[in-house]
Every structure is written in structure tokens, then in C-alpha cells.
Amino acid sequence: MRSIYKYLIAFSTVILLGTGCKKFRDINTNPNNPDEVVIQLVLPSAQAAIAQAVGGKFQIIGGIWGQYWTQNPSAAQYRIFEQYQIDGSEVNRAWNAIYADALTDLDQIIKKSSGQKNYSAIAKILKAYAFHVMTDQFGDIPFSEALKAEEGINSPKYDTQEDVYKGIIALVKEGLDEMDEASPIPDSDDLIYHGDMGAWQRFANTLLLKVYMRLSERSPAFAQSGIEEITANGIGFLEAGETAQIVYSNEAGNYNPLYSEMNNSVIGGIQNLIASSTAIDSFVSNNDPRIEVFYTPGSGGFIGLPQGDYGSSVPGTTIAYPGAAVGGDAHDDASAVAPVIFISDYESLFLQAEAAARGWASGSAAELFTEAINANFAAYGLDATDYLASSPWAQYPVDAPLDAQLRHIITQKWFSMCGNQNLESWTEWRRTGYPNFFVYSPNSRIGKNFPVRMPYPDDEVTNNLNFPGQKQVTDKVWWDVD
């Protein structure tokens, strides 16, 4: 695979579309001449922009609110997240990376594919993925009127999250229907699957599974019906080794976005993010070997700081910190090449296990659960045999009530996603309440409450005339009924 950096350099010289901190109003003012769009160059740009958001600021917020990481008491960069009182300026870049960069690019691919159906199909599926990321963090978002400056819509309305979800499902299905064996397929310009359309089909079906499962508590009948439909369509779901991800290289401009963010926030050699004792203590008590991959030991070994206790007098250097395998070690160049994961093979298997446990899909929930653990271990070069034989969290409670089975599935998913899919893990905690051993930050400014959404970006407040009003981090999104 050619590097993302080389693609973006080529892309900028052809259509002059830079990535970075665009204002949201640019979503509806495309500076490019559409006739000059070269979709083979736009596709990697769009994929990289999604990864920039998911693997950058969203990864940090998810890592802290998902209680994998916490603020180093020797620094101050992320204290605002531990106070649960972030403002819109913290999410401006991620919002714009999705809307002004990724979604704008994907929309141009769809409009300019000129019969290249597979490009359009991939673009629709990725649009659905990007909108799904955004609505899960912000609730109601611009959807039906977004990206329509050419139609004179410069302040797109906000659609309800329920309507956005319906639109996401429709987009994925359109993408699946549009795939055509006789049409040209991408090659190395597809940074995720290199034109493997079978993998894209399974990605799309897995995305639908995730979307439907997110509605398990809000609209269980609708979720069940949707899952039964996609499990019967013969496409299948992402299999072992089919993780949807973007791989980086250790060269300027092509670093893992978390590593880039970490380096930008390192002051005086201090690593801002360190390990939370919520996660570390859980890994240690279960003799989980993944701790050595997901974390780097501090001078005190594998110990964590109580979540949010940045006022502690404990030297930050004694605490473990995020490992290079997840891009979180600011002083290890190996962090630069850590991938950004869109959907992992083990996430696919955990979703299938939950569907089976609920009786919404065939198969053995226990077997799928075990397969998911094996896939996660294999992704990091580990053998799960001893862990599966000894850890309480690896023993699937076959005869227990559904809630106990879900607790095992989601808690094990939380262990597996440590540092590599933080945003998804935190979102699953919001949906299910698992793990159920999170602790409140002692520096919380919202009392004994947890944040359950992100605030809208400042750029929206300023630029969109149809902005519906700011939300508080304690305001639940539509599907969150736990």
C-alpha cells in the first residue's frame, strides 16, 4: 500500500483540497471545480480524514471517558475532560474533519463516479459510517440538508437522531445494491481493503449489525427485525483478519493521528495521558497478558492512577501509560505506525455473540464470544489459551440470565478495545451500562454523573443559522435509555 501521505500530496496538486481545520460553513461551499475531481485520489483522502477524527481527538476523549486513560498529574493538557466540562472548541477539528473533509469528498465521489459503481458503493457505505460516528457522539446532526451548497442550502437543518439512523441504514443498503462485478474496482487507492469488494460487503453488513444493535434498548423489535434480515442475506460479517483499518508509516505527515496529537501535547518531555487504575487494576486482577501490549509500564510497573485524580501527589512517571501498539506512547516511534481501526474483526464477533445471546441470530453466543477473544489476542501477536482457561471474564455464563451474558460480552469487548477502539467502547458503555465498575472523577464539575455525549462544536454555534442550541454532556442521545 502506498502511503497516505503520498496520496494526499498528489491529491492536493490535482484538486487543491487540503485537509485540516476548515470551518463548517465550507461544507456547503466547495472550492473545487467538480469537473476536476479524480475519484481515485478523493477516496484515500476521505478515508484518511475519517481516521483523523476517529483516531485523534475522539480517541482521546473515548480513552478518558471510557476509563482506559487519565490525565498525568504532572501535566494539564486533558484536565478539562476529567472535569466533564469540555466546550465546543475541543471538537471543532474532529467535526470538520468528518463534515468538511470526509463527507464532502465522499459526496463528490458519488456525484462524479461516472458509472464506476464500486467507487460510489464504497463512498455510500463510508458516508453511512461517518454519519454514524457523528450522530452517536452528538445526537441530532445535519444529515438530509448537509453538503447541499449547490442547491443554496448554506445552513443545513438538524435531523433527529432517529431519522439519521434511518438514513444511515438506507445508505448502507444502497451501497450494497450498487456493487457491480463488471464495474472498475479500486486498488491501492482504497487504503482499507485495496478493492476487495467481498470484504466491503461484509464491512457493510457488519456496520448494519452495529447500527441495529445500537438500538437494542430503544427499539428492540426494529433492531431484531433488521438483524434477522442481514443475517439471512448470505453476505456474512467481517471475519478473522478482516479488520477495517488504516495503517500508517513512520514518516512525517503519515503518523498515527493519536501519536501526532500526543507529540503536540508533550511539554518538557511529560506524557500527558497515563493509565487509569480502572483499567489497569482490572487487567492485573485477571492476569490478562494484554496489559503488556496496551500499556507501557512506568517506573512503578503496571499501576494506574485513580480516574481523574490529577491533583494527586503521585509522580506521573511511576504510572503506566498507553503503549506503542495503540499509538499512545509519545516517546516511542513505534506509536507512529499503530493503525486506526474503523471496525475490527473481534468487534464483529462480539456483535454476533450479542445477537445470538438475544435470540436475534443463529449460532452459539459462547463460541462467538471465544472467537472474539482469540481474534483480539491474535491481532496483537498473543496466544489466548491460558487466559481462556483461567480468567473469569473469559468464562461465558451459558446458563445465566441474558443480562449476565451481556455483561460478559460487553465487558470483554471493553478489555479488547483498550486503546484501539476507545470511542466505540465508551459508546457501548453508554448503551449497556457495562462495564459497571466505572468511578466518578474527583474533579467532576457535574457532580456524581458521567458525561454521555459531546457538546456541539463552536463552529456550528457561530456559522449555522439553523443551529438548535447547545447540549450539556449529561444530555443523553436518543438511543441511550439505560
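Read the figures in this text as sums done on the coordinates, not as results from a lab. All values reported here derive from a predicted model rather than from experimental measurement. Backbone-built Cβ (ideal geometry, glycine too); neighbour counts: all protein chains shown.
Using the rule -39500 (n - 2.57) for each DSSP H run of four or more residues, divided by the residues of the chain, the 222 nm mean residue ellipticity is -13500 deg cm²/dmol.
For the chain, the pair-distance distribution built from all alpha carbon pairs, in bins 10 Å wide starting at 0, is 4, 21, 32, 29, 13, 2, 0 percent. Note on LYS166: lysines with a C-alpha under 20 Å away, same-chain residues under 8 apart excluded, are LYS124, LYS127, LYS148, LYS157, LYS210, LYS476.
A straight line joining the Cα centroids of region 423-437 and region 324-364 runs 14 Å.
With the convex hull drawn over the C-alpha atoms of region 83-169, the volume per residue is 102 Å³. Highest mean first, the peptides 71-83, 97-109 sorted by other C-beta atoms within 10 Å per residue fall in the order 97-109, 71-83.
Over all directions, the projected convex hull of the C-alpha atoms in region 332-407 averages 6.2 nm² in area. The share of Cα pairs per 5 Å bin across region 145-253, counted from zero up to the longest distance, runs 2, 10, 15, 17, 16, 15, 14, 9, 2, 0 percent.
For a protection proxy built on the mean count of beta-carbon atoms within 10 angstrom, sort 199-205, 469-475 highest first, please. Can you show the working numbers first?
Numbers: 199-205: 23.0, 469-475: 13.3.
Put in order of decreasing packing, that is 199-205, 469-475.
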